[in-house]
Amino acid sequence: MHALTRDWGTMHVRHKGGTGPALVFINSLGTDLRMWDAVCTQLPQDWATLRMDKRGHGLSETAPEGYGIPELAEDVIAAMDDAGLETAILVGCSIGGLIAQHVALMAPERVTGLVLSNTAPMLGAAEGWLTRIEAIRENGMAAMAEGILPRWFGPEMLANPNAPLWRTLLARTDQDGYLATCAAIAGTDITDRLSEITQPALVFGGKHDLATPPEVVEALARALPRADLVMFEETGHLPAIEAPEGFTEALTKFVERIAA
């Protein structure tokens, strides 16, 4: 556990050093850095890992509203600086993948590869996010969380006794932080800049993903100049939680290939 002071407040960061490749993990909306626990425990011991909680998530403080995805990308770069990582492979899920794409555009010299899980250059229409924001303001986080789980998980994970723990985590996410992050997503579309992201990329999707459906993830993989695609048959939006063994196996092979 480490507190990194930013101009908006304190960000929770967890860094494990190592002599091997360095990986930076960026969480999805409504989760915290624990979403990567099952993946990180399976990685080679000499690999360095850096994880963090976004503004208004986990143990990080809630920042004043009005920030966008570029500011969240700056937080990642600041965490890399604090950890002494000049370069790294970025691993991002959903908004985490959108943030990773921004880091690759803003500071390409810092990014040696990208692992983009269940994400896109535009995460749905702005109108949908604005509708979600208004619904949460009216009914609260807990009411929203109940309906989100089927968008996150495939049938196998929904039947898993651990699934409600993730609903609880989402329901307890700071409402102001969640809404500000939703607003940041609503204003973002970098589709026309994907050709500029020239680092090797591994794109993950899930057949049961209702948030970023397979065709959306497939379009991202096609648009990136150097991307491979892995589509999980049994998972939804969060394969790092639903299928950590398969996720880690594909991730490890990708890292070993590009780091060789």
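The values are calculated or read from the model by the stated rules, or taken from the named source; none is laboratory data. Quick caveat: nothing in here was measured; it's all calculated off a predicted structure. Here the Cβ is made from the backbone with ideal geometry for all residues, glycine too, and neighbour counts use every protein chain on show.
Within region 196-217, is even one residue in contact with a Gly (Cβ under 7 Å, 6 or more places away or on another chain), assigned to a helix (DSSP H, G or I), touching a residue at least 12 places away in the same chain (Cβ under 8 Å) and of a type in the set (A, V, I, L, M)?
yes
How many of the residues making up region 44-60 are of a type in the set (Asp, Glu) and more than 10 Å from Val13 (Cβ to Cβ)? Break it down stepwise before answering.
The first filter runs over region 44-60 and keeps only residues of a type in the set (Asp, Glu), leaving 46, 53.
Next, from what is left, pick out any that are more than 10 Å from Val13 (Cβ to Cβ): 46.
Residues meeting the conditions: 1.
Could you list all residues from region 124-161 that are at pLDDT 95 or above, outside any helix (DSSP H, G or I) and within 21 Å of the chain's Cα centre (by Cα)?
Phe153, Gly154
What's the number of the only condition in (1) in contact (Cβ under 8 Å) with a residue 40 or more places away in the chain; (2) of a type in the set (D, E, K, R); (3) over 25 Å from Ile69 (Cα atoms) that Arg151 fails to meet?
Among (1) in contact (Cβ under 8 Å) with a residue 40 or more places away in the chain; (2) of a type in the set (D, E, K, R); (3) over 25 Å from Ile69 (Cα atoms), the lone unmet condition for Arg151 is (3).
Being surrounded by fewer than 22 Cβ atoms within 10 Å (Cβ to Cβ), on the phi < 0 side of the Ramachandran plot and touching a Ser or Thr at 6+ places or on another chain (Cβ under 9 Å) is true for just one of Pro161, Pro214, Pro225. Which residue is that?
Details: Pro161 fails: touching a Ser or Thr at 6+ places or on another chain (Cβ under 9 Å); Pro214 fails: touching a Ser or Thr at 6+ places or on another chain (Cβ under 9 Å).
Among Pro161, Pro214, Pro225, only Pro225 is surrounded by fewer than 22 Cβ atoms within 10 Å (Cβ to Cβ), on the phi < 0 side of the Ramachandran plot and touching a Ser or Thr at 6+ places or on another chain (Cβ under 9 Å).
Considering (1) out of contact with any Pro (no Cβ under 8 Å at 6 or more places or on another chain); (2) more than 28 Å from Thr87 (Cα to Cα); (3) in contact (Cβ under 8 Å) with a residue 60 or more places away in the chain, say which one Ile185 fails and leave the rest.
Here Ile185 meets the rest and fails (2).
Can you tell me which residue within region 229-247, out of those that are part of a helix (DSSP H, G or I) and within 15 Å of the chain's Cα centre (by Cα), is surrounded by the fewest Cβ atoms within 10 Å (Cβ to Cβ)? Explain how you work it out, then say what you get.
Within region 229-247, the subset part of a helix (DSSP H, G or I) is 239-242, 244-247.
Applying the additional criterion that residues be within 15 Å of the chain's Cα centre (by Cα) yields 239-242, 244, 247.
Working: Pro239: 27, Ala240: 28, Ile241: 27, Glu242: 24, Pro244: 19, Phe247: 26.
Among them, the one singled out is Pro244.
Please give the number of the condition Gly96 fails out of (1) assigned to a helix (DSSP H, G or I); (2) more than 15 Å from the chain's Cα centre (by Cα).
(2)
Return the only residue of Ile77, Ile69 being over 24 Å from Val216 (Cα atoms) and modelled with pLDDT of 95 or more. Reasoning before the result, please.
On the way: Ile69 fails: over 24 Å from Val216 (Cα atoms).
Just one listed residue meets the conditions, Ile77.
Taking region 1-58, which residues are among the charged types (D, E, K, R), buried (at least 23 other Cβ atoms within 10 Å of the Cβ) and outside any loop (DSSP other than H, G, I, E, B)?
Start the filter on region 1-58 by keeping residues that are among the charged types (D, E, K, R), which leaves 6-7, 14, 16, 32, 34, 37, 46, 51, 53-55.
Filter again for buried (at least 23 other Cβ atoms within 10 Å of the Cβ), leaving 51, 54-55.
Of everything in region 1-58, just one residue is among the charged types (D, E, K, R), buried (at least 23 other Cβ atoms within 10 Å of the Cβ) and outside any loop (DSSP other than H, G, I, E, B), namely Arg51.
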